[in-house]
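Everything on this sheet refers to the single structure shown next.
The values are calculated or read from the model by the stated rules, or taken from the named source; none is laboratory data. All of these numbers come straight from a predicted model, not from anything done at the bench. Note that each Cβ is placed from the backbone with ideal geometry, even for glycine, and that neighbours are counted across all protein chains shown.
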Amino acid sequence: MIGSTWLTRIQCVLGIAILLIKPARPEGNIPYVSLLGDSLLFYEAQRSGKLPADNRIPWRHDSALDDGNSSGIDLSGGYYDAGDYVKFLLPLSYTVTVLCWGGLEFFKGYTIANEEKHFHDMIKWATDWIIKAHPTPNELYVQVGQGDIDHQYWGSDLNIPSPRPSFKIDLNRRGTDVAAETAAACAAAAILFKEKYADSKYSDTLLEHAKDLLRFAEVQPWVRYHESVPEAADFYGSGGYGDELCWGNLWLYRATNDVAYLERAKLYFTLFSLEGRNSPFNWNQKSPGIYVLFAQLIQGSPGLAWRNISEAWLDNVLGGTGDLEKTKGGLIWFKNTSEQASTGPALTAALLMHIYANSVLAVSGASSAEGKRSSYDAFGNQQLDYILGNNPMKMPYVLDIHPNSPHNAHHAGAHGGADFKSMDNPFENDHRLVGAVVGGPNKEDQYLDNRQDYSQSEVALDYNAAFQSLVARQVIFSEVDPFYTRVGAYERR
């Protein structure tokens, strides 16, 4: 008996010791925790400039250190936009805004996943560069590198063609849209750094840049930036500036609580007839995001009109009417936009559904709120599930998370080749671009995994913005694992 008692005690002590030594397992949905980390790794793979000592991407190097030299300014750093080496400010600023919005809504997901620092560093890598690109109140560098030249180079980051020209807007060559979008990015980031990271000093710096940029954007005559920088037209030509003027003012209102910004946002909303647009939410079209942000910021009876405007767009997406429909496999399809990259519009629609459900409907006293909240959340989950493998191809459209993931992303650095004319040599990418969302399938739910078909196989900063925010949400709320965890591998064709 005595021996048995001591044995039991020893076993208990050993058990406690093991529990003390074993690393704490994060709460929340574990596979989504991993997926959130993967998305952050993708952004690290897109870094330009001198990489930090804690760089986690072994095949990336210091690169483009002389950016801006020809213009007498240091524009090194920031992020490469997609599968090439050009830096475009408009999609970068949109990416920052969306990631910060998602971070503000679902920051607990980053906390659960122990990814707060990586998220902080990811946003700051972008905003540090934006600060560099805005050296004076009325001067903003909007592009580094030239697409036509860059797209003739297919190789690693060690031999990027140089010199790389820099392009700016100022009072003589204006760019209303990009200045207002960058103001939104700085304002959203200022809120994030103040509220989630208690960094008031850096937040104040970003807020001053946001205010200056919005003042710059509002100087008339208003001009689409690619009219001043035609080198951007074929890559990120802007469809207009009215939505960005409204969007920028809304984010400044959220950051400052100064009603003057809110009133100007309302003015632009009316002036540019932004209500009732059926466009997707993306780097070029902010109207759907504006609807939801207005509804978030104006509560109670005064917010009813904004809730109605938001729900008109959300319900239209839910019903797949007008220029909207679903593929047979269930992916929402925006006519004349999804053809260029189908995952992006679906992910942003899903994100707006979840943000609206999580914030506006969660505090609504309307009798219909709970039913709508359930419908919007279900739609958001279904779209993300499609991206994560619940589709006719049984393919997650995220790199390196499953054997069925695409293998041949259009990405010069990850490919490992050295000749633009031999883009298929080697056949599969040499390096892992983990966590990157590809452009996605066609309207028939087919994906060819062809590196040369950049509309399907290229990756980009903005594709991952809504995706990462959705994954942060799933870390908190999802009771089921990502769909790809239940999909068997198939033989590669």
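L99 falls short of the stated requirement of being more than 14 Å from the chain's Cα centre (by Cα) and either closer than 21 Å to G175 by Cα or buried (at least 24 other Cβ atoms within 10 Å of the Cβ) (or both). Would you confirm, using the coordinates I've provided, whether I401 is crowded, with 19+ Cβ neighbours inside 10 Å, modelled with pLDDT of 95 or more, aliphatic (A, V, I, L, M) and part of a loop (DSSP other than H, G, I, E, B)? Considered against the rule, which asks whether it is crowded, with 19+ Cβ neighbours inside 10 Å, modelled with pLDDT of 95 or more, aliphatic (A, V, I, L, M) and part of a loop (DSSP other than H, G, I, E, B), I401 comes out as yes.
Within region 293-308, being within 28 Å of the chain's Cα centre (by Cα) and either farther than 13 Å from F269 by Cβ or surrounded by fewer than 15 Cβ atoms within 10 Å (Cβ to Cβ) (or both) holds for Q296, Q299, G303, R307, N308. With the checklist (1) of a type in the set (A, V, I, L, M); (2) out of contact with any Asp or Glu (no Cβ under 7 Å at 6 or more places or on another chain); (3) surrounded by 22 or more Cβ atoms within 10 Å (Cβ to Cβ) in hand, flag the one item L158 doesn't pass. Status for L158: all satisfied but (3). Restricting attention to region 311-339, the residues that are touching a residue at least 40 places away in the same chain (Cβ under 8 Å) and over 20 Å from L384 (Cβ atoms) total 4. None of D54, D38, D81 is at pLDDT 95 or above, within 24 Å of I169 (Cβ to Cβ) and of a type in the set (D, E, K, R) except D81. For region 161-183, a residue qualifies if it is surrounded by 20 or more Cβ atoms within 10 Å (Cβ to Cβ), closer than 24 Å to G248 by Cα and not hydrophobic (A, V, I, L, M, F, W, C), and the qualifying residues are K168, R174, G175, T176, D177, E181, T182. Restricting attention to region 221-242, the residues being in contact (Cβ under 8 Å) with a residue 60 or more places away in the chain and either outside any loop (DSSP other than H, G, I, E, B) or surrounded by fewer than 24 Cβ atoms within 10 Å (Cβ to Cβ) (or both) number 9. You will find that of D385, D430, the residue that is over 19 Å from the mean Cα position of the chain (by Cα), in contact (Cβ under 8 Å) with a residue 12 or more places away in the chain and either over 30 Å from E311 (Cβ atoms) or surrounded by 16 or more Cβ atoms within 10 Å (Cβ to Cβ) (or both) is D430 and no other. A count restricted to region 333-346 and to residues that are more than 13 Å from N278 (Cα to Cα) and among the β-branched types (V, I, T) stands at 1.
The helices (runs of 4 or more DSSP H) located wholly in region 113-220 include none with 3 or more residues which are of a type outside the set (D, E) and at pLDDT below 95.
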